[in-house]
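Working notes for the structure below.
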Amino acid sequence: MTEVYCGHCGRDLADGSHEDCRQALALEPPRYCAECRRRMVVQVHPMGWSARCSVHGELSSY
């Protein structure tokens, strides 16, 4: 997977440092697909989270 976009804010990774975004992603699931910038469907479970992009499939914390 080639990450082009920030999973937290959805902006291009080349646009700024995204340090705040990296810190936020350590505690919460990504909201945007890092490959295509689509908003993902996110579910938070007691043991973790899952996020699904309609094009690139599912990510999970477990």
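The values are calculated or read from the model by the stated rules, or taken from the named source; none is laboratory data. Bear in mind the structure is a predicted one, so any value in this text is a computation, not a measurement. Heads up, the Cβs are rebuilt from the backbone with ideal geometry, glycines too, and the neighbour counts pull from every protein chain shown.
Conditions tested, residue by residue: (1) closer than 19 Å to Glu58 by Cβ; (2) modelled with pLDDT under 95; (3) basic (Lys, Arg); (4) out of contact with any helix residue (DSSP H, G or I) (no Cβ under 6 Å at 6 or more places or on another chain).
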site: Glu3; (1), (2), (3), (4): yes, yes, no, yes
site: Gly16; (1), (2), (3), (4): no, yes, no, yes
site: Ala24; (1), (2), (3), (4): no, no, no, yes
site: Pro30; (1), (2), (3), (4): yes, no, no, yes
site: Val42; (1), (2), (3), (4): yes, no, no, yes
Out of (1) surrounded by fewer than 12 Cβ atoms within 10 Å (Cβ to Cβ); (2) of a type outside the set (Val, Ile, Thr); (3) outside any loop (DSSP other than H, G, I, E, B), what's the single condition that is false for Tyr62? (3)
Against the condition under 9 Å from the mean Cα position of the chain (by Cα) and not hydroxyl-bearing (Ser, Thr, Tyr), how does Arg31 come out, does it pass? yes
Flagged in the stretch 1-12 as under 12 Å from the mean Cα position of the chain (by Cα) and assigned to a loop (DSSP other than H, G, I, E, B), in numbering order, are Glu3, Val4, Cys6, Gly7, His8, Cys9, Gly10, Arg11
Flagged in the stretch 13-52 as in a loop (DSSP other than H, G, I, E, B) and of a type in the set (D, E, K, R), in numbering order, are Asp15, Glu28, Arg31, Glu35, Arg37, Arg38
Only one of Gly48, Gly10 that is in contact (Cβ under 8 Å) with a residue 12 or more places away in the chain, out of contact with any His (no Cβ under 7 Å at 6 or more places or on another chain), surrounded by 16 or more Cβ atoms within 10 Å (Cβ to Cβ) and among the small types (Gly, Ala, Ser): Gly10
By residue number, the members of the stretch 17-37 that are within 15 Å of Glu3 (Cα to Cα) and exposed (fewer than 14 other Cβ atoms within 10 Å of the Cβ) are Ser17, Arg22, Cys36
Any residue in the stretch 14-28 that is closer than 12 Å to Trp49 by Cβ sitting within a Cβ distance under 7 Å of a residue that is surrounded by 10 or more Cβ atoms within 10 Å (Cβ to Cβ) and of a type outside the set (Ser, Thr, Tyr)? List the pairs, counting only those 6 or more apart or interchain. Leu25/Gly7; Leu25/His8
So Val55, is it more than 11 Å from the chain's Cα centre (by Cα) and assigned to a loop (DSSP other than H, G, I, E, B): yes
Trp49 meets each of (1) at pLDDT below 95; (2) within 12 Å of the chain's Cα centre (by Cα) with one exception, condition (1)
